[in-house]
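Taken together, the values in this text are just the output of simple stated rules run on the coordinates, not laboratory data. This one's a predicted model, so the numbers in the text were calculated from it and none came from an experiment. In this analysis, Cβ positions are derived from the backbone assuming ideal geometry, glycine residues included, and neighbour counts consider all displayed protein chains.
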Amino acid sequence: MDTSELVPPWQLSDQELTAHLLASERTLRQAYGRNLDLVEEFEKRRLASSIGTRSTALFLERILLMSRKESRRRVRHATADMPLARHAARDGDISAEHLDELERIFSQTPTWLTPKQRSTDENELVDLARKAIPGNVRHAGQRLKSYWDIDGKEPKDREQELARPHREARYWFTRSGRFKLISDLDGNAGKIIAAALDTLAKPDAADEMGNPDPRTREQRLGDALVQAFDTATRSSRMPSKAGEQAVVMVTVTLEELQRKAAAAHLQGWGAASTSELLKMCCDARIVPVVMNTKGEILHLGRSQRHATRGQRHALAVRDRGCTRPGCTRGPKWCIPHHADQWLADNGPTDLNNLALVCERDHQLIHHGGWDIKIDGSTVWWIPPAYLDPTRTPTKNTAHDPPHRYRNRPIRE
């Protein structure tokens, strides 16, 4: 053995450390390739049963103390029909993760594919694996499978599938009031949705204190899903129902409305807290029905209290996007929020009473204790006392351009 291999890493020069790291990784990969050869031969000889285990995977799990997941993975890699990939593994050119992706795609090889075509496809993916991370191999494999799906079908069958894509979804409300959604969609639909969610689910920039976005990826995707639907429901292309777009009749007593407490009744949807109702009223088609204690209607509210298109354009120019300090959402993903609430405070739908707020930050105003006030062209956010006992107003500067561009005219 080369004694230089026993030198502690801290004694190596930068160049030596880099070289040893690369050589060590290659050695690990070669050892894994060799291990797969041994597992394959062990499986061919059916030795597991002769030493008291039912299968090779169970032998690896019980005797070599592997996890069930890893033992099954080894057997899959060792028995997969991937001669070119196995050769690359023996040479140390690809890792076990590369083999995962290659095995996943070639386990779905269509029966009509000729051995020559299959060998050509495997060679292309293995060549990519030598130069790319496993994730890139996965994407290339997905594209390859889509070509297989197209080539293996008659043109008439392909067109029939495209005319009737597989799209299923169902939803329900749990007893605790949570909303569950399950869908099973074709690949093209999935790409459309994934592109939108990935765009909206990007982590927020660090806040003023340098803290990163605290949300997990799952939480960011959940926020993105709500944001996408919230934007869609405000689209002029949204289908109408009974001649109107998504109208909800809300029943609330005058006392409850004034106290901003208790609950309101949403026709067809059950109860909602009054704070939830006030948030919904910011940009949904809500018609409030205010009643006295005897159940008599005192006021059938007006539904036309949205900002006009011209006002929305003016807000886009003034606010440039969500006004919450640190938020980078653009105008497209925001709604006009009434500083003096339209329903509870008779707030006017005027520019000096409107501010752009994205759906997620809208929650902070209605449920997080934040307030906003508008001073001319500046929207100030006032934090709750538990965050800032002085409740010092602050504004968003995330949309401000670099200083040298601030005074330049806006080009059409």
> Using θ = phi - 60° and the Karplus form 6.51 cos²θ - 1.76 cosθ + 1.60, what ³J(HN,Hα) does each residue of segment 15-32 get, whole Hz, x for Gly and Pro?
Replying inline: 5, 5, 4, 5, 5, 5, 5, 4, 5, 5, 5, 5, 5, 4, 5, 5, 5, 5
> Can you list the residues, at least 5 places off or on another chain, whose amide H is less than 5 Å from the amide H of H337, using H built in the peptide plane?
Replying inline: A355, L356, V357
> Given a Förster radius of 22 Å and the C-beta distance between Q219 and D198 as r, what FRET efficiency does 1/(1 + (r/R0)^6) yield to the nearest 0.05?
Replying inline: 0.90
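Treat the count of other C-beta atoms within 10 Å as a stand-in for reagent exposure and order E168, E97, E359 from fewest to most. Don't skip to the end; give the middle numbers.
Details: E168 9, E97 14, E359 23.
Starting with the residue having the fewest Cβ neighbours, the order is E168, E97, E359.
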> Which net charge results for the neighbourhood of I105, defined as the other residues with beta-carbon distances under 13 angstrom from its beta-carbon, given Lys and Arg at +1 and Asp and Glu at -1?
Replying inline: -2
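Normalising by the residue count of segment 168-233, find the relative contact order in percent from Cα pairs under 8 Å and 6+ residues apart. Show your work: numbers first, answer last.
On the way: 47 pairs, mean separation 15.3, N = 66.
Relative contact order of segment 168-233: 23 percent.
Whole number please: convex hull volume per residue, Cα atoms of segment 168-233, in Å³.
Numbers: hull volume 8.1 nm³, N = 66.
Given the Cα convex hull of segment 168-233, per-residue volume reads 122 Å³.
Which value in Å is the Kirkwood Rh of segment 1-133 over different Cα pairs? If you can, show how the numbers build up before the last one.
Working: mean 1/r = 0.0598 Å⁻¹.
One over the average 1/r among Cα pairs gives 16.7 Å for segment 1-133.
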